[in-house]
Amino acid sequence: RLVVPIGDYRAAGGEPDDRAVFAAFDGSVPRAEAEAAVRAVVEVNPLLSVLTQTELQERNKEQLDQLLYIVYAMLGLSIVIAALGVVNTMALSVVERTREIGLLRAVGASRRQVRRMVRWEAVIVSALGGLLGVGIGIVVGAAVRRSLADDGLEVFALPAVTIAVVFVAAIAIGVLGAVL
């Protein structure tokens with residue numbers, strides 16, 4: 001059984017609020033035997049746990065997945081808010097331009113042409129909003145990755161399929177908003 005006095009622990013660089021202690025095996029004892037010995041020492045305290053490197057990676061992956069699900073939920077809410085914004089913008093556009101639409105109808109524009117004009121305006125608004133959102137998201141993502149590089153976030157990967165789906169959904173929501 002290995003017990004390290006708190007003074008020795010602090011002298012070795014440990015802090016009182018440390019949440020993790022890592023152990024490396026030197027190979028003088030079989031890994032399974034050393035791991036079993038460490039688990040036996042730790043099991044007397046229910047607040048402590050022993051994790052292998054793979055188990056630690058899995059735990060960290062689960063935590064990141066939960067964070068990713070939260071981000072996707074916020075993305076979904078932002079899409080709903082954006083859809084309401086597009087519908088509101090298009091409704092105001094039509095209401096404020098009643099005289100212009102009436103004049104277009106008076107000089108020969110058909111209802112179909114007026115609807116097409118409103119739909120294209122919605123597509124343009126949605127496409128610009130989608131482009132700005134994707135562009136800002138990429139820039140912010142790169143900045144966050146760069147700021148967390150020292151904490152182990154070293155890879156910046158663009159999920160092209162997700163970005164394309166969100167962009168197409170933005171345009172589809174714009175068209176749906178124009179139809180409504």
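Among the residues in the stretch 116-123, are any under 30 Å from Lys61 (Cα atoms) and not hydrophobic (A, V, I, L, M, F, W, C)? I'd like the intermediate steps shown before the answer.
As a first pass, look at the stretch 116-123 and keep what is under 30 Å from Lys61 (Cα atoms): none.
The answer is no, given that none of the residues of the stretch 116-123 is under 30 Å from Lys61 (Cα atoms) and not hydrophobic (A, V, I, L, M, F, W, C).
The residue of the stretch 31-69 that is farthest from Leu153 (Cα to Cα), among those that are among the aliphatic types (A, V, I, L, M) and touching a Leu at 6+ places or on another chain (Cβ under 7 Å), is Val41. The residue of the stretch 98-123 that is farthest from Asn88 (Cα to Cα), among those that are open to solvent by 100 Å² or more (accessible area, probe 1.4 Å) and aliphatic (A, V, I, L, M), is Val107.
For the stretch 125-136, a residue qualifies if it is open to solvent by less than 60 Å² (accessible area, probe 1.4 Å) and modelled with pLDDT of 90 or more, and exactly one does: Gly135.
For the stretch 104-124, state whether one or more residues are within 30 Å of Asp151 (Cβ to Cβ) and β-branched (Val, Ile, Thr). No, every residue in the stretch 104-124 fails to be within 30 Å of Asp151 (Cβ to Cβ) and β-branched (Val, Ile, Thr). Looking across the stretch 44-58, the residues that are open to solvent by 100 Å² or more (accessible area, probe 1.4 Å) and more than 14 Å from Phe22 (Cβ to Cβ) come down to Pro46, Leu47.
Inside the stretch 146-161, can you point out the residues that are open to solvent by 60 Å² or more (accessible area, probe 1.4 Å), assigned to a helix (DSSP H, G or I) and over 28 Å from Val175 (Cα atoms)? Listed by number, the residues that qualify are Arg146, Ser147, Asp150, Asp151. Of the residues Ala91, Ala83, Ala109, the single one that is touching a helix residue (DSSP H, G or I) at 6+ places or on another chain (Cβ under 9 Å), of a type outside the set (S, T, N, Q) and not in a helix (DSSP H, G or I) is Ala109.
The values are calculated or read from the model by the stated rules, or taken from the named source; none is laboratory data. On a predicted model such as this, the values are computed, not experimentally measured, just so you know. Here the Cβ is made from the backbone with ideal geometry for all residues, glycine too, and neighbour counts use every protein chain on show. The protein model used for the area step is the full one, side chains on, heavy atoms only, and it has no ligands, DNA or RNA in it. Shrake-Rupley method; radii C 1.70, N 1.55, O 1.52, S 1.80 Å.
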